[in-house]
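K.L.:
Have a look at the structure that comes next, please.
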Amino acid sequence: MENSGAFYWERHPEAEALFLHFLDDYKRNNGFLADFEKKLISRTSSRMLDFVDHILVRDSKEIRDRLGNLGFGRKEEAEAVAWSHPGALLPKVILVDSSAGQHPGAALRVESIESFLRANELKADIEGPPLSPFRRGLISEEKQTVLWVVERRGTSGFAPISPDDEYPQDYARGMASWKNLLREENDDQVFSDMARVAGGLVAKLGVGLAAHIVCLCERDYWLSRNFAGRAQKQRQDALGLGWANHDHHTFRSSRRNFSKLINLFLQLGFHKRERFYAGRDAGWGAQVMEHSEAGLALFLDVDLTPEEVNVDFSKEELKEQDSLGTVGLWCALHGDSILKAGMHHLAARFEFEQLLEDMAGHEVNFMAPFSNFPYLKQAFSVAEMWQVSPTRAQRLLQAKLISNEQAAKFLERGSVGSHLENIERREGYKGFNKKNVSAIIQETDPRKS
(Lines give C-alpha, C1' and ligand atoms only; values in the text may rest on other atoms or scores of the structure.)
Protein backbone atom coordinates (compact mmCIF):
# COMPACT_ATOMS: atom_id res chain seq x y z
CA MET A 1 0.00 0.00 0.00
CA GLU A 2 1.41 3.37 -1.07
CA ASN A 3 -0.28 6.69 -0.54
CA SER A 4 0.84 10.28 -0.73
CA GLY A 5 -1.36 11.71 1.98
CA ALA A 6 -4.99 10.64 1.72
CA PHE A 7 -4.58 7.41 3.67
CA TYR A 8 -5.62 7.16 7.31
CA TRP A 9 -5.19 4.22 9.65
CA GLU A 10 -8.32 3.37 11.57
CA ARG A 11 -8.72 2.30 15.19
CA HIS A 12 -10.01 -1.18 15.99
CA PRO A 13 -11.07 -1.21 19.64
CA GLU A 14 -13.22 -4.32 19.31
CA ALA A 15 -10.37 -6.29 17.77
CA GLU A 16 -8.00 -5.33 20.58
CA ALA A 17 -10.69 -6.09 23.16
CA LEU A 18 -10.92 -9.64 21.80
CA PHE A 19 -7.20 -10.19 22.48
CA LEU A 20 -7.41 -8.68 25.95
CA HIS A 21 -10.41 -10.90 26.73
CA PHE A 22 -8.52 -14.06 25.78
CA LEU A 23 -5.35 -12.98 27.59
CA ASP A 24 -7.33 -12.31 30.77
CA ASP A 25 -8.86 -15.77 30.47
CA TYR A 26 -5.46 -17.38 29.96
CA LYS A 27 -3.95 -15.51 32.92
CA ARG A 28 -6.68 -16.89 35.17
CA ASN A 29 -5.78 -20.43 34.12
CA ASN A 30 -2.01 -20.12 33.84
CA GLY A 31 -0.29 -18.71 36.92
CA PHE A 32 3.08 -18.29 35.21
CA LEU A 33 1.54 -16.05 32.55
CA ALA A 34 -0.17 -13.92 35.21
CA ASP A 35 3.02 -13.61 37.26
CA PHE A 36 5.11 -12.78 34.20
CA GLU A 37 2.80 -9.93 33.28
CA LYS A 38 3.51 -8.37 36.68
CA LYS A 39 7.25 -8.68 36.00
CA LEU A 40 6.83 -7.06 32.60
CA ILE A 41 5.14 -4.01 34.07
CA SER A 42 7.40 -3.56 37.10
CA ARG A 43 10.75 -4.42 35.51
CA THR A 44 10.40 -3.27 31.88
CA SER A 45 7.41 -0.85 31.96
CA SER A 46 5.81 -2.91 29.20
CA ARG A 47 2.39 -4.35 28.44
CA MET A 48 1.90 -8.07 27.88
CA LEU A 49 0.11 -7.49 24.57
CA ASP A 50 3.18 -5.78 23.09
CA PHE A 51 5.23 -8.97 23.50
CA VAL A 52 2.55 -11.40 22.29
CA ASP A 53 3.46 -12.94 18.94
CA HIS A 54 0.18 -14.84 18.60
CA ILE A 55 -2.59 -16.32 20.67
CA LEU A 56 -4.04 -19.81 20.34
CA VAL A 57 -7.83 -20.06 20.48
CA ARG A 58 -10.14 -23.07 20.38
CA ASP A 59 -11.53 -23.48 16.87
CA SER A 60 -15.25 -23.00 16.35
CA LYS A 61 -17.61 -21.53 13.79
CA GLU A 62 -18.41 -18.78 16.28
CA ILE A 63 -14.81 -17.59 16.61
CA ARG A 64 -14.22 -17.79 12.84
CA ASP A 65 -17.29 -15.65 12.22
CA ARG A 66 -16.20 -13.23 14.94
CA LEU A 67 -12.71 -12.84 13.48
CA GLY A 68 -14.09 -12.36 9.98
CA ASN A 69 -16.56 -9.71 11.15
CA LEU A 70 -13.74 -7.85 12.91
CA GLY A 71 -11.69 -7.67 9.70
CA PHE A 72 -9.27 -10.56 10.22
CA GLY A 73 -8.21 -12.57 7.20
CA ARG A 74 -7.36 -16.27 7.08
CA LYS A 75 -4.06 -17.60 5.70
CA GLU A 76 -2.81 -21.16 5.46
CA GLU A 77 0.60 -21.50 7.08
CA ALA A 78 2.82 -24.53 7.57
CA GLU A 79 1.41 -26.39 10.60
CA ALA A 80 -1.19 -23.67 11.25
CA VAL A 81 -4.04 -21.55 9.95
CA ALA A 82 -3.30 -17.95 10.95
CA TRP A 83 -5.77 -15.08 11.20
CA SER A 84 -4.37 -11.57 10.99
CA HIS A 85 -5.76 -8.05 10.68
CA PRO A 86 -4.21 -6.08 7.77
CA GLY A 87 -5.27 -2.71 9.16
CA ALA A 88 -4.33 -3.16 12.82
CA LEU A 89 -1.13 -3.60 14.80
CA LEU A 90 -2.20 -6.71 16.69
CA PRO A 91 -0.89 -10.27 17.14
CA LYS A 92 -2.08 -13.14 14.98
CA VAL A 93 -4.63 -15.76 16.00
CA ILE A 94 -4.05 -19.49 15.57
CA LEU A 95 -7.11 -21.73 15.89
CA VAL A 96 -6.41 -25.03 17.68
CA ASP A 97 -8.25 -28.34 17.76
CA SER A 98 -8.91 -29.53 21.34
CA SER A 99 -9.88 -33.01 20.12
CA ALA A 100 -6.35 -33.37 18.72
CA GLY A 101 -4.76 -32.48 22.05
CA GLN A 102 -4.03 -28.86 21.15
CA HIS A 103 -4.52 -26.26 23.87
CA PRO A 104 -5.32 -22.55 23.86
CA GLY A 105 -2.86 -20.04 25.21
CA ALA A 106 -0.34 -17.39 24.16
CA ALA A 107 3.09 -17.19 22.55
CA LEU A 108 5.50 -14.46 23.63
CA ARG A 109 8.08 -13.11 21.18
CA VAL A 110 11.67 -12.77 22.44
CA GLU A 111 15.01 -12.23 20.72
CA SER A 112 16.64 -15.31 22.30
CA ILE A 113 14.80 -18.24 23.86
CA GLU A 114 17.95 -19.34 25.69
CA SER A 115 18.33 -15.87 27.22
CA PHE A 116 14.67 -15.93 28.25
CA LEU A 117 14.99 -19.36 29.89
CA ARG A 118 18.17 -18.38 31.73
CA ALA A 119 16.79 -15.05 32.95
CA ASN A 120 13.62 -16.68 34.28
CA GLU A 121 15.24 -19.88 35.61
CA LEU A 122 13.27 -22.13 33.26
CA LYS A 123 13.88 -25.23 31.19
CA ALA A 124 12.22 -26.14 27.91
CA ASP A 125 12.75 -28.27 24.83
CA ILE A 126 13.44 -25.85 21.99
CA GLU A 127 12.20 -26.74 18.53
CA GLY A 128 14.53 -25.41 15.85
CA PRO A 129 18.33 -24.95 15.90
CA PRO A 130 20.06 -21.75 17.11
CA LEU A 131 19.76 -18.72 14.79
CA SER A 132 17.14 -20.41 12.61
CA PRO A 133 14.32 -18.24 11.24
CA PHE A 134 11.62 -19.59 13.59
CA ARG A 135 12.07 -21.38 16.91
CA ARG A 136 9.74 -22.10 19.79
CA GLY A 137 9.65 -23.64 23.23
CA LEU A 138 6.77 -24.62 25.51
CA ILE A 139 7.50 -23.14 28.93
CA SER A 140 4.24 -23.54 30.85
CA GLU A 141 1.03 -25.56 30.75
CA GLU A 142 -1.58 -25.15 33.46
CA LYS A 143 -5.28 -26.07 33.34
CA GLN A 144 -4.93 -26.89 29.64
CA THR A 145 -3.65 -23.37 28.92
CA VAL A 146 -0.18 -23.06 27.40
CA LEU A 147 2.52 -20.43 27.20
CA TRP A 148 5.11 -20.61 24.43
CA VAL A 149 8.10 -18.43 23.67
CA VAL A 150 9.13 -17.89 20.05
CA GLU A 151 12.04 -16.36 18.15
CA ARG A 152 11.64 -14.87 14.69
CA ARG A 153 14.27 -13.93 12.17
CA GLY A 154 12.72 -12.59 9.02
CA THR A 155 9.78 -14.97 8.77
CA SER A 156 6.06 -14.82 9.56
CA GLY A 157 5.54 -18.60 9.56
CA PHE A 158 4.75 -20.89 12.48
CA ALA A 159 6.70 -24.07 11.72
CA PRO A 160 10.16 -24.49 13.30
CA ILE A 161 12.77 -24.32 10.55
CA SER A 162 15.92 -26.42 10.30
CA PRO A 163 18.14 -24.83 7.62
CA ASP A 164 21.01 -26.66 5.92
CA ASP A 165 24.41 -27.15 7.53
CA GLU A 166 25.86 -24.04 5.90
CA TYR A 167 23.22 -21.74 7.36
CA PRO A 168 24.91 -20.79 10.69
CA GLN A 169 28.05 -19.69 8.87
CA ASP A 170 26.05 -17.84 6.23
CA TYR A 171 24.10 -16.01 8.95
CA ALA A 172 27.24 -15.10 10.91
CA ARG A 173 29.02 -13.92 7.76
CA GLY A 174 25.98 -11.87 6.81
CA MET A 175 26.02 -10.11 10.19
CA ALA A 176 29.75 -9.48 9.93
CA SER A 177 29.50 -8.17 6.36
CA TRP A 178 27.02 -5.47 7.39
CA LYS A 179 28.75 -4.55 10.63
CA ASN A 180 32.10 -4.23 8.86
CA LEU A 181 30.87 -1.71 6.31
CA LEU A 182 32.62 1.67 6.49
CA ARG A 183 29.98 4.33 7.28
CA GLU A 184 31.89 7.48 6.35
CA GLU A 185 33.08 9.49 4.13
CA ASN A 186 32.42 8.98 0.42
CA ASP A 187 28.63 8.61 0.48
CA ASP A 188 28.32 7.25 -3.05
CA GLN A 189 30.91 4.55 -2.36
CA VAL A 190 29.26 3.60 0.95
CA PHE A 191 25.85 3.24 -0.69
CA SER A 192 27.41 1.20 -3.47
CA ASP A 193 29.03 -1.09 -0.88
CA MET A 194 25.76 -1.37 1.06
CA ALA A 195 23.83 -2.30 -2.08
CA ARG A 196 26.43 -4.96 -2.84
CA VAL A 197 26.30 -6.43 0.67
CA ALA A 198 22.48 -6.25 0.75
CA GLY A 199 22.35 -8.05 -2.59
CA GLY A 200 24.59 -10.79 -1.22
CA LEU A 201 22.41 -11.18 1.88
CA VAL A 202 19.25 -11.44 -0.21
CA ALA A 203 20.81 -13.94 -2.61
CA LYS A 204 22.11 -16.15 0.20
CA LEU A 205 19.40 -15.83 2.86
CA GLY A 206 16.33 -14.26 1.24
CA VAL A 207 14.76 -10.84 1.79
CA GLY A 208 13.25 -11.64 5.20
CA LEU A 209 16.50 -12.67 6.85
CA ALA A 210 18.43 -9.95 5.02
CA ALA A 211 16.09 -7.26 6.39
CA HIS A 212 16.28 -8.81 9.87
CA ILE A 213 20.09 -8.77 9.86
CA VAL A 214 20.34 -5.17 8.64
CA CYS A 215 17.87 -3.82 11.22
CA LEU A 216 19.47 -5.85 14.03
CA CYS A 217 22.88 -4.41 13.14
CA GLU A 218 21.43 -0.90 12.90
CA ARG A 219 19.85 -1.25 16.36
CA ASP A 220 23.19 -2.36 17.77
CA TYR A 221 24.96 0.62 16.21
CA TRP A 222 22.29 2.99 17.56
CA LEU A 223 22.69 1.45 21.03
CA SER A 224 26.42 2.21 20.97
CA ARG A 225 25.52 5.90 20.66
CA ASN A 226 22.42 6.16 22.87
CA PHE A 227 22.44 5.88 26.67
CA ALA A 228 18.64 5.80 27.07
CA GLY A 229 18.45 2.83 24.71
CA ARG A 230 21.18 0.97 26.61
CA ALA A 231 19.47 1.61 29.94
CA GLN A 232 16.13 0.25 28.73
CA LYS A 233 17.71 -2.64 26.83
CA GLN A 234 19.41 -3.71 30.06
CA ARG A 235 16.03 -3.75 31.80
CA GLN A 236 14.49 -5.88 29.06
CA ASP A 237 17.48 -8.20 28.89
CA ALA A 238 17.08 -8.86 32.62
CA LEU A 239 13.94 -10.78 31.62
CA GLY A 240 15.54 -12.22 28.48
CA LEU A 241 13.36 -10.24 26.07
CA GLY A 242 15.67 -8.15 23.89
CA TRP A 243 13.97 -5.60 21.62
CA ALA A 244 11.02 -7.85 20.75
CA ASN A 245 8.71 -4.86 21.42
CA HIS A 246 10.23 -2.59 18.75
CA ASP A 247 7.70 -0.46 16.88
CA HIS A 248 9.67 1.34 14.17
CA HIS A 249 13.22 2.29 13.20
CA THR A 250 13.76 5.95 12.22
CA PHE A 251 16.47 6.98 9.79
CA ARG A 252 17.23 10.58 8.85
CA SER A 253 18.57 11.30 5.39
CA SER A 254 20.07 14.16 3.44
CA ARG A 255 18.12 15.10 0.31
CA ARG A 256 20.85 13.88 -2.03
CA ASN A 257 20.85 10.40 -0.49
CA PHE A 258 17.13 9.90 0.13
CA SER A 259 16.30 7.96 -3.04
CA LYS A 260 19.37 5.77 -2.44
CA LEU A 261 18.14 5.03 1.10
CA ILE A 262 14.68 4.04 -0.12
CA ASN A 263 16.12 1.88 -2.89
CA LEU A 264 18.35 0.12 -0.37
CA PHE A 265 15.36 -0.87 1.73
CA LEU A 266 13.34 -1.83 -1.35
CA GLN A 267 16.22 -4.16 -2.22
CA LEU A 268 15.80 -5.77 1.23
CA GLY A 269 12.12 -6.49 0.59
CA PHE A 270 10.46 -3.52 2.33
CA HIS A 271 7.44 -1.99 0.61
CA LYS A 272 6.40 1.64 0.67
CA ARG A 273 3.47 2.37 2.96
CA GLU A 274 1.98 5.85 3.40
CA ARG A 275 3.98 8.99 2.73
CA PHE A 276 4.04 11.24 5.74
CA TYR A 277 3.80 14.97 5.09
CA ALA A 278 2.96 17.29 7.95
CA GLY A 279 1.80 20.35 6.01
CA ARG A 280 3.10 23.06 3.70
CA ASP A 281 5.07 24.87 6.41
CA ALA A 282 6.56 21.82 8.14
CA GLY A 283 9.71 21.69 6.01
CA TRP A 284 10.08 17.93 6.21
CA GLY A 285 8.38 14.68 5.35
CA ALA A 286 8.87 10.96 5.57
CA GLN A 287 8.29 7.71 3.76
CA VAL A 288 6.94 4.92 5.96
CA MET A 289 8.10 1.46 4.89
CA GLU A 290 7.13 -1.97 6.12
CA HIS A 291 8.39 -5.54 5.82
CA SER A 292 5.42 -7.74 6.67
CA GLU A 293 7.38 -11.00 6.47
CA ALA A 294 10.12 -9.76 8.82
CA GLY A 295 7.78 -7.76 11.08
CA LEU A 296 9.70 -4.49 10.64
CA ALA A 297 8.64 -0.88 10.10
CA LEU A 298 10.73 2.13 9.07
CA PHE A 299 10.23 5.89 9.27
CA LEU A 300 12.54 7.68 6.81
CA ASP A 301 12.85 11.45 7.40
CA VAL A 302 14.00 14.11 4.93
CA ASP A 303 13.73 17.86 4.34
CA LEU A 304 10.93 18.59 1.84
CA THR A 305 9.44 21.60 0.11
CA PRO A 306 5.66 22.06 -0.21
CA GLU A 307 5.81 21.20 -3.89
CA GLU A 308 7.39 17.80 -3.26
CA VAL A 309 4.56 16.08 -1.41
CA ASN A 310 3.70 13.90 -4.42
CA VAL A 311 7.26 13.13 -5.53
CA ASP A 312 8.09 9.42 -5.82
CA PHE A 313 11.41 9.48 -3.98
CA SER A 314 12.45 6.05 -5.21
CA LYS A 315 12.52 7.38 -8.78
CA GLU A 316 13.28 11.09 -8.49
CA GLU A 317 16.29 12.50 -6.68
CA LEU A 318 15.81 15.55 -4.49
CA LYS A 319 17.94 18.53 -5.46
CA GLU A 320 20.12 20.29 -2.92
CA GLN A 321 18.66 23.48 -1.43
CA ASP A 322 20.32 26.72 -0.39
CA SER A 323 19.17 26.22 3.23
CA LEU A 324 18.83 23.28 5.59
CA GLY A 325 15.80 22.23 7.59
CA THR A 326 15.90 20.30 10.87
CA VAL A 327 16.56 16.92 9.25
CA GLY A 328 19.08 18.21 6.73
CA LEU A 329 21.11 20.09 9.34
CA TRP A 330 21.16 17.05 11.66
CA CYS A 331 22.55 14.96 8.80
CA ALA A 332 25.07 17.64 7.85
CA LEU A 333 26.33 17.83 11.45
CA HIS A 334 26.45 14.10 12.19
CA GLY A 335 26.05 12.20 8.93
CA ASP A 336 23.03 10.41 7.51
CA SER A 337 21.52 7.76 9.78
CA ILE A 338 22.49 4.89 7.49
CA LEU A 339 26.01 6.32 7.39
CA LYS A 340 27.97 7.81 10.31
CA ALA A 341 25.18 8.98 12.61
CA GLY A 342 23.11 5.83 13.08
CA MET A 343 19.37 5.85 13.62
CA HIS A 344 17.77 9.02 14.91
CA HIS A 345 15.65 6.86 17.22
CA LEU A 346 14.23 3.45 17.89
CA ALA A 347 10.58 3.45 18.93
CA ALA A 348 9.47 0.62 21.20
CA ARG A 349 6.06 -0.03 22.73
CA PHE A 350 5.61 0.50 26.46
CA GLU A 351 3.13 1.32 29.20
CA PHE A 352 3.66 5.02 28.52
CA GLU A 353 3.37 6.68 31.94
CA GLN A 354 5.09 3.78 33.66
CA LEU A 355 8.18 4.12 31.47
CA LEU A 356 8.44 7.86 32.16
CA GLU A 357 8.36 7.18 35.90
CA ASP A 358 10.66 4.17 35.90
CA MET A 359 13.34 5.57 33.60
CA ALA A 360 13.67 8.69 35.74
CA GLY A 361 15.17 6.33 38.31
CA HIS A 362 17.82 5.41 35.72
CA GLU A 363 18.65 9.08 35.06
CA VAL A 364 16.81 9.04 31.75
CA ASN A 365 14.28 11.82 31.23
CA PHE A 366 11.81 12.41 28.42
CA MET A 367 10.65 15.46 26.52
CA ALA A 368 7.00 16.52 26.67
CA PRO A 369 4.72 14.05 24.85
CA PHE A 370 4.05 14.92 21.22
CA SER A 371 1.10 12.52 21.03
CA ASN A 372 -1.24 12.12 23.97
CA PHE A 373 -4.40 10.39 22.77
CA PRO A 374 -6.17 7.41 24.32
CA TYR A 375 -5.01 5.30 21.35
CA LEU A 376 -1.53 6.81 20.74
CA LYS A 377 1.04 8.27 23.13
CA GLN A 378 4.57 9.23 22.09
CA ALA A 379 7.57 10.97 23.66
CA PHE A 380 11.29 11.19 22.92
CA SER A 381 13.95 10.75 25.56
CA VAL A 382 16.00 13.89 26.09
CA ALA A 383 18.52 13.84 23.24
CA GLU A 384 22.06 12.64 23.49
CA MET A 385 24.46 15.51 22.85
CA TRP A 386 27.03 14.56 20.24
CA GLN A 387 30.30 16.28 19.44
CA VAL A 388 30.42 17.94 16.04
CA SER A 389 33.40 17.37 13.80
CA PRO A 390 35.33 20.60 13.04
CA THR A 391 35.50 19.47 9.41
CA ARG A 392 31.70 19.25 9.18
CA ALA A 393 31.22 22.58 10.94
CA GLN A 394 33.74 24.30 8.64
CA ARG A 395 32.10 22.80 5.55
CA LEU A 396 28.69 24.16 6.63
CA LEU A 397 30.19 27.54 7.47
CA GLN A 398 31.87 27.86 4.09
CA ALA A 399 28.61 26.95 2.34
CA LYS A 400 26.86 29.65 4.43
CA LEU A 401 24.42 27.07 5.80
CA ILE A 402 25.21 28.04 9.42
CA SER A 403 26.44 31.27 11.00
CA ASN A 404 29.74 31.87 12.77
CA GLU A 405 27.88 31.95 16.08
CA GLN A 406 26.14 28.63 15.37
CA ALA A 407 29.40 26.99 14.32
CA ALA A 408 31.07 28.13 17.53
CA LYS A 409 28.20 26.77 19.65
CA PHE A 410 28.15 23.41 17.85
CA LEU A 411 31.89 22.99 18.32
CA GLU A 412 31.79 24.02 21.98
CA ARG A 413 28.60 22.29 23.15
CA GLY A 414 27.91 19.64 20.54
CA SER A 415 24.50 19.14 18.96
CA VAL A 416 21.40 17.03 19.57
CA GLY A 417 21.89 13.42 18.54
CA SER A 418 19.64 10.40 19.00
CA HIS A 419 16.65 9.38 21.13
CA LEU A 420 14.65 6.45 22.44
CA GLU A 421 10.97 6.84 21.62
CA ASN A 422 8.39 5.77 24.19
CA ILE A 423 5.26 4.80 22.26
CA GLU A 424 2.02 3.31 23.53
CA ARG A 425 -0.55 2.06 21.03
CA ARG A 426 -4.10 1.08 21.85
CA GLU A 427 -7.03 -0.16 19.78
CA GLY A 428 -4.68 -1.67 17.21
CA TYR A 429 -3.86 1.80 15.85
CA LYS A 430 -1.03 1.53 13.32
CA GLY A 431 -0.60 5.14 12.21
CA PHE A 432 1.20 8.29 13.35
CA ASN A 433 0.28 11.78 14.48
CA LYS A 434 1.18 14.17 11.67
CA LYS A 435 0.53 17.52 13.32
CA ASN A 436 2.32 16.93 16.61
CA VAL A 437 5.18 14.94 15.11
CA SER A 438 6.02 18.08 13.15
CA ALA A 439 6.11 20.07 16.39
CA ILE A 440 8.57 17.67 18.03
CA ILE A 441 10.75 17.66 14.92
CA GLN A 442 11.04 21.44 15.26
CA GLU A 443 11.87 21.06 18.97
CA THR A 444 14.81 18.79 18.06
CA ASP A 445 16.29 21.25 15.56
CA PRO A 446 20.06 21.55 16.34
CA ARG A 447 19.78 25.36 16.17
CA LYS A 448 17.47 25.30 19.21
CA SER A 449 19.74 23.18 21.44
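K.L.:
Any idea how many residues of segment 42-64 are crowded, with 16+ Cβ neighbours inside 10 Å and closer than 24 Å to residue 356 by Cα?
P.N.:
9
K.L.:
To continue, here is another question. Taking residue 366 and the conditions (1) of a type in the set (Phe, Trp, Tyr); (2) under 24 Å from residue 277 (Cβ atoms); (3) modelled with pLDDT of 95 or more; (4) in contact with a strand residue (DSSP E or B) (Cβ under 6 Å, 6 or more places away or on another chain), which numbered condition does it fall short on, given that it satisfies the others?
P.N.:
Result: residue 366 passes all but (2).
K.L.:
Among the residues of segment 43-75, what is the count of those that are over 17 Å from residue 23 (Cα atoms) and within 26 Å of the chain's Cα centre (by Cα)?
P.N.:
The qualifying residues number 9.
K.L.:
From the residues in segment 390-434 that are in a loop (DSSP other than H, G, I, E, B) and without any contact (Cβ under 8 Å) to a residue 12 or more places away in the chain, which one is surrounded by the fewest Cβ atoms within 10 Å (Cβ to Cβ)?
P.N.:
Among those that are in a loop (DSSP other than H, G, I, E, B) and without any contact (Cβ under 8 Å) to a residue 12 or more places away in the chain, it is 400.
K.L.:
Taking segment 357-374 as the region of interest, how many residues are buried (at least 17 other Cβ atoms within 10 Å of the Cβ) and either closer than 19 Å to residue 243 by Cβ or hydroxyl-bearing (Ser, Thr, Tyr) (or both)?
P.N.:
Matching residues across segment 357-374 total 5.
K.L.:
Quick one: residue 349 ticks every box in (1) more than 25 Å from residue 375 (Cβ to Cβ); (2) surrounded by fewer than 24 Cβ atoms within 10 Å (Cβ to Cβ) except a single one, so which number is it?
P.N.:
Answer for residue 349: the failing condition is (1).
K.L.:
Cβ contacts < 7 Å: first residue within 28 Å of residue 140 (Cα to Cα), restricted to segment 47-71; second residue among the charged types (D, E, K, R) and at pLDDT below 95, any location; separation 6+ or different chain. Result?
P.N.:
Matching pairs, first to second residue: 59/97.
K.L.:
A further question follows. Would you mind telling me which numbered condition in (1) touching a strand residue (DSSP E or B) at 6+ places or on another chain (Cβ under 9 Å); (2) surrounded by 17 or more Cβ atoms within 10 Å (Cβ to Cβ); (3) more than 30 Å from residue 52 (Cβ to Cβ); (4) modelled with pLDDT of 95 or more residue 326 fails?
P.N.:
(4)
K.L.:
Given the conditions (1) assigned by TED's automatic domain parsing to the domain that holds residue 334; (2) in contact (Cβ under 8 Å) with a residue 60 or more places away in the chain, which single one is not true for residue 177?
P.N.:
The failed condition is (2).
K.L.:
Output the strands (runs of 3 or more DSSP E) that fall wholly within segment 248-353 and possess 1 or more residues being more than 27 Å from residue 233 (Cα to Cα), or say none.
P.N.:
271-277, 284-291, 296-303
K.L.:
Now for a different question. Of all residues in segment 148-159, count the ones that are of a type in the set (A, V, I, L, M) and buried (at least 20 other Cβ atoms within 10 Å of the Cβ).
P.N.:
Qualifying residue count, segment 148-159: 2.
K.L.:
Next up: Residues in segment 67-85 that are farther than 16 Å from residue 97 by Cα and surrounded by 15 or more Cβ atoms within 10 Å (Cβ to Cβ): how many?
P.N.:
6
K.L.:
May I ask you to list the residues in segment 369-384 that are small (Gly, Ala, Ser) and either part of a strand (DSSP E or B) or within 24 Å of residue 430 (Cβ to Cβ) (or both)?
P.N.:
Scanning segment 369-384 gives 371, 379, 381.
K.L.:
Does residue 242 satisfy being over 19 Å from residue 326 (Cβ atoms), assigned to a loop (DSSP other than H, G, I, E, B) and small (Gly, Ala, Ser)?
P.N.:
Against the criterion (over 19 Å from residue 326 (Cβ atoms), assigned to a loop (DSSP other than H, G, I, E, B) and small (Gly, Ala, Ser)), residue 242 qualifies.
Residues checked against (1) surrounded by fewer than 18 Cβ atoms within 10 Å (Cβ to Cβ); (2) on the phi < 0 side of the Ramachandran plot; (3) among the polar types (S, T, N, Q):
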position: 174; (1), (2), (3): no, yes, no
position: 179; (1), (2), (3): yes, yes, no
position: 182; (1), (2), (3): yes, yes, no
position: 196; (1), (2), (3): yes, yes, no
position: 204; (1), (2), (3): yes, yes, no
position: 223; (1), (2), (3): no, yes, no
position: 226; (1), (2), (3): no, yes, yes
position: 243; (1), (2), (3): no, yes, no
position: 247; (1), (2), (3): no, yes, no
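K.L.:
Could you say whether any residue in segment 113-130 is in contact (Cβ under 8 Å) with a residue 40 or more places away in the chain, of a type in the set (S, T, N, Q) and touching a helix residue (DSSP H, G or I) at 6+ places or on another chain (Cβ under 6 Å)?
P.N.:
Within segment 113-130, none of the residues are in contact (Cβ under 8 Å) with a residue 40 or more places away in the chain, of a type in the set (S, T, N, Q) and touching a helix residue (DSSP H, G or I) at 6+ places or on another chain (Cβ under 6 Å).
K.L.:
Surrounded by fewer than 19 Cβ atoms within 10 Å (Cβ to Cβ) and either assigned to a loop (DSSP other than H, G, I, E, B) or out of contact with any Pro (no Cβ under 6 Å at 6 or more places or on another chain) (or both) - does that describe any residue in segment 208-215?
P.N.:
no
The values are calculated or read from the model by the stated rules, or taken from the named source; none is laboratory data. What you are looking at is a predicted structure, and each value in this text was computed from that prediction instead of being measured. A quick note on method: Cβ atoms are made from the backbone with ideal geometry, for glycine too, and the neighbour counts reach across all protein chains shown.
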